[in-house]
Amino acid sequence: MLPTKVALAGATGNLGIVVLEAVLSADLPLTVLTRIGGNSAKLAKYRNLEIKEVDFSDIDSMRQALDGITVVVSCLATLAIGSQNALIDASSAAGVRRFIPAEFGMDSLNQLCRELPVCQPKAATQKYLEEKSQKNPTFTWTGIANGLFLDWGLREDFILNLSKHNATLFNGGDVPFSATNLEDVATAVLGVIKNQEQTANRLIYIQSTVTTQNQLLRYAKDIDGQEWSCNYRDTRDIMQESLHKLANGEEQAAMDGFCVVAMFDPCYGGDFSGHLDNALVGLGSLDEAGVRAVVAGILSEA
């Protein structure tokens, strides 16, 4: 079996930097692919890290950079996930054995999710990976569905606004949804690398916990005793607003809205608890005390 050498694209993003640290902590050789003239200066503090500047639209440029690499992890940002085909082509041509796309999030196998503009590029990337793998059986892929990022979503006011003690509760706030801390997502990435045969050519599902907005809100109130203001929204309205924003060129705001729909409307399958792959990739789960600790930690930062 070839020694594992990892390449990472999107290393400076919220998830990418956590994956980078996990791979280095696992003593795996790591190459970071960064765009020419990109923001690689912040990576200078990391030892045993090779940085290669590439043209992400040039297959040959990336193929050369991936020489000897066995696993490629893509942590590209939401608005870039539809442009992974060149990186996939370069990976296959370079002899890469496993490609982990920038999938991280909703259930992209749920038909309603697949129709959302935010998920359509993920579905298209999966199809492209399947076709590439069929043509080149030594090239395999694994997508990771982790629901919402729990710590990031609380810190960045996506799930609740802990800093301002207010919340927009979707569909009443009692819809169960899967959520995963960034470090747990990175643990799952390492689990895929260690268990390539069992995770080949499919989507895996993970979570740190399954929770609801109201449950998290109760924890926050218990911890700091502050008054909260809440308003209530229906995800059907969020869908229409997001489509309108997308038509007006407000792409990021629209994509955020589509993510809200995918996770807080139960028809979109945002609760993964009935079909988890946690054990396969060596990931545990948070009990109530653990989830409360996450809320308390982020409240202390506010």
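The values are calculated or read from the model by the stated rules, or taken from the named source; none is laboratory data. A quick note: this is a predicted structure, and the numbers were derived from the prediction, not measured. No Cβ is skipped: glycine too gets one built from the backbone with ideal geometry, and neighbour counts run over all protein chains shown. In case anyone asks, the SASA skips ligands and DNA or RNA and just uses the protein heavy atoms, side chains included. Shrake-Rupley method; radii C 1.70, N 1.55, O 1.52, S 1.80 Å.
Membrane-span-like helices in the chain, defined purely by DSSP H runs whose alpha carbon atoms cover 15 Å or more axially and whose average Kyte-Doolittle hydropathy reaches -0.5, are 182-194, 251-264, 288-301.
What the range 162-302 shows is 46 Å² of accessible area per residue, with the surface traced by a 1.4 Å probe over protein heavy atoms. Taking 7 Å steps out from each Cα toward its Cβ at GLU251 and ALA302 produces label points 3.3 nm apart. Highest mean packing comes first when the peptides 154-164, 102-112, 285-295 are listed by Cβ atoms within 10 Å, giving 102-112, 154-164, 285-295. Calculated mean residue ellipticity at 222 nm for the chain: -12000 deg cm²/dmol, from DSSP H runs with n ≥ 4 weighted as -39500 (n - 2.57), summed, divided by the residue count and rounded to 500. Candidates THR211, LEU8, GLY172 compared by Cα position along the dipole of the chain: farthest toward the positive end lies LEU8, with charges placed on Cβ.
Along its principal axes, the range 223-282 has C-alpha extents of 43, 35, 20 angstrom, given from the largest down. Taking the centroid of alpha carbons for each part, the range 99-154 and the range 222-292 are 17 Å apart. Expressed as a whole percent, the accessible area of the range 77-136 that falls on carbon and sulfur atoms is 47 (1.4 Å probe). Size estimate for the range 166-302 follows the Kirkwood approach: the inverse of mean 1/r over distinct Cα pairs works out to 16.8 Å. Residues whose amide H lies under 5 Å from that of ILE144, counting only those 5 or more places away or on a different chain, are GLU103, PHE104, ILE204; hydrogens are built 1.01 Å from N in the peptide plane.
What is the calculated FRET efficiency for ASN214 to SER273, with r their C-beta to C-beta distance and R₀ = 25 Å, to the nearest 0.05? Given R0 = 25 Å and the Cβ-Cβ separation, E is 0.90.
Each Lys and Arg adds +1 at its Cβ and each Asp and Glu adds -1 at its Cβ; summed about the Cα centre, the chain shows a dipole of about 680 debye.
As an equivalent ellipsoid, the range 131-237 spans semi-axes of 36, 15, 10 angstrom, where each value is the square root of five times an eigenvalue of the C-alpha gyration tensor, largest first. Per residue, what volume in Å³ does the Cα convex hull of the range 108-172 take up? Spelled out: Cα convex hull of the range 108-172, divided by residues, is 109 Å³.
Scaling the Cα radius of gyration of the chain by the globular reference 2.2 N^0.38 Å produces a ratio of 1.00. Taken one residue at a time, the phi angles of the range 149-158 give Karplus couplings (6.51, -1.76, 1.60, θ = phi - 60°) of 6, 5, 5, 4, x, 7, 6, 9, 6, 8 Hz. Gly and Pro are set to x. A crude spin-label estimate for the pair ALA77 and TYR128, with each label 7 Å from Cα along the Cβ direction, gives 1.9 nm. On full extension, the segment bounded by LYS42 and ARG202 gains 54.3 nm, given 0.36 nm per residue less the C-alpha separation. Ranked from largest, the principal axis spans of the Cα set of the range 36-184 equal 51, 40, 23 Å. Backbone amide hydrogens, once placed in the peptide plane, bring LEU169 within less than 5 Å of ASN231, TYR232, ARG233, excluding anything fewer than 5 places away on its chain. In this structure, the residue pairs whose Cα-Cα separation is over 31 Å, taken from LYS5/LYS42; LYS135/LYS194; LYS52/LYS194; LYS42/LYS127, are LYS42/LYS127.
With contacts taken as Cα pairs under 8 Å and at least 6 residues apart, the range 1-114 reaches a relative contact order of 27 percent.
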